[in-house]
1. Can you name every residue in the stretch 47-70 that is more than 16 Å from the ligand (Cβ to nearest atom), surrounded by 11 or more Cβ atoms within 10 Å (Cβ to Cβ) and under 19 Å from Ala29 (Cβ atoms)?
2. Only residues that are within 17 Å of Gly58 (Cα to Cα) and in contact with a helix residue (DSSP H, G or I) (Cβ under 6 Å, 6 or more places away or on another chain): list them for the stretch 19-30, please.
3. Kindly indicate the residue of the stretch 73-91 that is among the acidic types (Asp, Glu) and more than 8 Å from the ligand (Cβ to nearest atom) and also modelled with the highest pLDDT among those meeting that condition.
4. Mind telling me which of the residues Leu94, Leu108 ends up being among the aliphatic types (A, V, I, L, M), out of contact with any Ser or Thr (no Cβ under 9 Å at 6 or more places or on another chain) and within 16 Å of the ligand (Cβ to nearest atom)?
5. Out of the residues in the stretch 23-35 that are of a type outside the set (D, E, K, R) and exposed (fewer than 13 other Cβ atoms within 10 Å of the Cβ), state the one that is nearest to Leu68 (Cα to Cα).
6. Conditions first: (1) more than 18 Å from Ala38 (Cα to Cα); (2) at pLDDT 95 or above. Asp66 passes all but one, so which condition is the exception?
Amino acid sequence: MAIVAFDDPVMTARALVLHDLHATGVADADAVSVLEDAVAQRAWWLEQWPDGRPFLTGLVAQDVQDGLLESAGRWPLCSACEDSTHALYVDPDLGGPDPHWVCEEAGLVVARVGGL
Ligand SMILES: [Zn+2]
């Protein structure tokens, strides 16, 4: 993974989630626009609550996951199980430092957010 840790947490979150969209082959124009919307909303949110900085990447990942569910379906699909029709989840839920993608069915940590 060759992602620079930007000083700007909003740019970092954007880069990490964009990486995962590319890695899973779903980074089309619609998905990127879902990401841009999430990033714009969370940038505003961070201005209201600067202490939320460590939560930003996990929240953007969940926002994109929710946004894609409405348009494109479940994302990201599990890469750890043979039956890969289920989605991974962000842990810790509702954001937290150092977020990871987890498979709840197998109880596995699959990758860091940004490391798919
Ligand atoms: Zn799984």
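The values are calculated or read from the model by the stated rules, or taken from the named source; none is laboratory data. It should be emphasised that the depicted structure is a prediction, and the values quoted were computed from it without experimental measurement. Note that each Cβ is placed from the backbone with ideal geometry, even for glycine, and that neighbours are counted across all protein chains shown.
1. Scanning the stretch 47-70 gives Val60, Asp63, Val64, Asp66, Gly67, Leu68, Leu69.
2. The answer is Leu21, and nothing else.
3. Asp91
4. Leu108
5. Ser33
6. That leaves (1) as the condition not met.
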